[in-house]
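Here is the structure we will look at, set down as structure tokens.
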Amino acid sequence: MSSNVRVRFAPSPTGKLHIGGARTAIYNWAFARANGGTFILRIDDTDPTRSTEENTQVILRAMRWLGLDWDEGPEVGGDFGPYAQTERMDLYREAAERLLAEGKAYPCFCTPEQLAQDRAEAQARKDPFQGYNRRCRNIPADEARARMEAGEPYTLRIKVPEDRGDVVIDDAVHGKVVFDAKELDDFVIFRSDGTPTYNFATVVDDAAMGITHVIRGDDHLSNTPRQVMVYEALGSPVPTFAHISMILGADGKKLSKRHGATSVEEYRDAGYLSDAFVNYLALLGWSLDGETTVIPRDVLAREFSLERISKNPATFDPKKLDWMNAEYINRMDDETFVSQILRPQLEAAGVDVKGAEHDAAWWDLLAEIVRPRTKMPADAAGVAAPVFATAETLAYDEKSVNKGLAKEGMGAVLDAARKALAALDEASWTAEAIDAALEPLPEALDLKKRLVFQAVRVAECGNMVSPPLGETMQLIGREDCLARIDRARTMAL
Ligand code: GLU
């Protein structure tokens, strides 16, 4: 399926890619994919004081990590390039000159002081209109031309048609939004230093790139009537707008650094899975059916629609993100969990995995017991570590030893456990057989089940929070399990 849907994500490289920007990118990407359209990445780097190449690279990297592949843009090219605004300056100039020649824009020679004075006067009179008073609008064309050529500084202003009337936007999220004609002023499209303003450059680009839907944060809603003026002056069709709500922190304030990590790469570095992160952000203001929470990327790319975007601000809840992350980990099959989480995490933690000794079935069993205990990838190494230790190297957690081993009667527990376990031979060393061997001990020793298993657990794993004992001991192996009991015996009373 292919269609004429063309959408763009147009970050300004004045900082890193943040959660809000990432969500905007996800919506544009998903909308393009769901409609067989084209997703364009454009770098809006016209603010030379704040844009850096380094930020651009960080944004591209974050986009790649998010898995939001773009069909046109930096590094992939396309028929409507270049895809960085600083490389499109000629196009803005040409467009402005055309509007000037057609009388749809005019030069304004008012000095900043003059404009400040006008504003102050308008304020003093409590004039409801505080925009530009159109002083230069009716300077005859040849006079204006002469002053420009004489080198007098000027800006270019759009000439809002006298009879334009209210600007009505049929926003895909907000519905009909009416902007009063009286509020439209002849705003600047080119500054006196020869650079285009955001409202102008964006529309020249969106028009030239054939953008059909502008999906962006609703902090830009107030810019939209001005942008509509530019489309109309250029004679280009106005795209459909979809302004998405802000993302708030738990305190109801706009999400910011105060709420914790805000850049995409901080989440990547903290170990969040890209799929889970994208799923979570997609739900900040959009829903599939109002209840489904786990929406894999391919479903999102098939089912995303503007109709299901909510008008209401969404709240970023780190706990829900954590839940989503754990959910994605939990849904991994054994092989994926081992290759993408377990092995890399063990390696990062410097755990010697003695890999060659273990077959796939061994790793699968380990995956099965570690996965449900892994909320963040880094948890996996800690949970699995006792399995990779040996009786000599196993680290005993002091608190666990005090609570589970260094107690009257625990020596007898370990003696009985050792005897029962030693009766199993190598071939019958399975989780079921181990569990069955330990099962009768509490009754035989007349002790609480919890105490008995706690002692064996601390002896084998060094702590009290390890995965199921039988499976863990099967993975450790008979010989080392018995050796661990012998070592632990010296700590038990
Ligand atoms: N560069 C603008 C921003 O980052 C793009 C706004 C738009 O999508 O029009 O806010």
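No value in this document is a laboratory result; all are computed from the given coordinates. A quick note: this is a predicted structure, and the numbers were derived from the prediction, not measured. Here the Cβ positions follow ideal geometry from the backbone for every residue, glycine too, while neighbour counts run over all protein chains shown.
Counting only alpha carbon atoms, the long axis of helix 53-66 and the longest principal axis of the chain meet at about 50°.
Rank the residues 292, 38, 212, 195 as a footprinting-exposure proxy: fewest other Cβ atoms within 10 Å of their Cβ go first. Mind dumping the intermediate values first?
Details: 292 11, 38 23, 212 20, 195 17.
Arranged by neighbour count, lowest to highest, 292, 38, 212, 195 become 292, 195, 212, 38.
Across the chain, C-alpha contacts under 8 Å between residues 6 or more apart give a mean separation that, scaled by the residue count, equals a relative contact order of 13 percent. For residue 399, the lysines whose Cα comes closer than 23 Å to its Cα, not counting residues fewer than 8 places off in the same chain, are 407, 448, 449.
For trypsin sites (Lys or Arg not before Pro), the sites in segment 392-493 that DSSP calls loop and that have at most 13 other Cβ atoms within 10 Å are 448.
In the distance distribution for segment 125-191, Cα-Cα pairs more than 14 Å apart total 70 percent. Counting alpha carbon pairs within less than 8 Å and at least 6 residues apart, what relative contact order, in whole percent, applies to segment 1-151? Dividing the mean separation by the residue count of segment 1-151 yields 19 percent. By the Cβ distance rule of under 4.7 Å, the chain has these cysteines without a partner: 110, 461, 481. Both radii are taken from the alpha-carbon atoms of segment 375-493; with Rh as the Kirkwood radius, Rg/Rh is 0.94.
The helix-only estimate of mean residue ellipticity at 222 nm for the chain, built from DSSP H runs of length n ≥ 4 each weighted as -39500 (n - 2.57), is -13000 deg cm²/dmol after division by the residue total.
In segment 226-337 the Cα-Cα distances spread across 10 Å bins starting at 0 as 12, 35, 30, 16, 6, 1 percent of all pairs.
Taking only the alpha-carbon positions of segment 167-228 and ignoring solvent, what does the Debye formula give for the base-10 log of I(q)/I(0) at q = 0.13, 0.22 Å⁻¹? Here log10 of I(q) over I(0) equals -0.39, -1.04.
Taking only the C-alpha atoms of the chain, the Rg (one decimal) and the largest Cα-Cα distance, Dmax (whole number), read 32.7, 109 Å.
Across the cross-link table entries 320/375; 257/311; 16/253; 254/311; 253/375; 253/311, which are compared at the Cα atoms, the separations over 18 Å belong to 257/311; 16/253; 253/375. Straight-line cross-link partners of residue 182 among the aspartates and glutamates, defined as a Cα under 13 Å from its Cα and at least 8 positions apart when in the same chain: 127, 162, 163, 166. Ordered from longest to shortest, the equivalent ellipsoid semi-axes for segment 1-112 are 29, 19, 12 Å, each the square root of 5 times a Cα gyration tensor eigenvalue.
What angle do you read, to the nearest 10 degrees and between 0 and 90, between the alpha-carbon axis of helix 318-330 and the longest principal axis of the chain? Once rounded, the angle reads 60 degrees.
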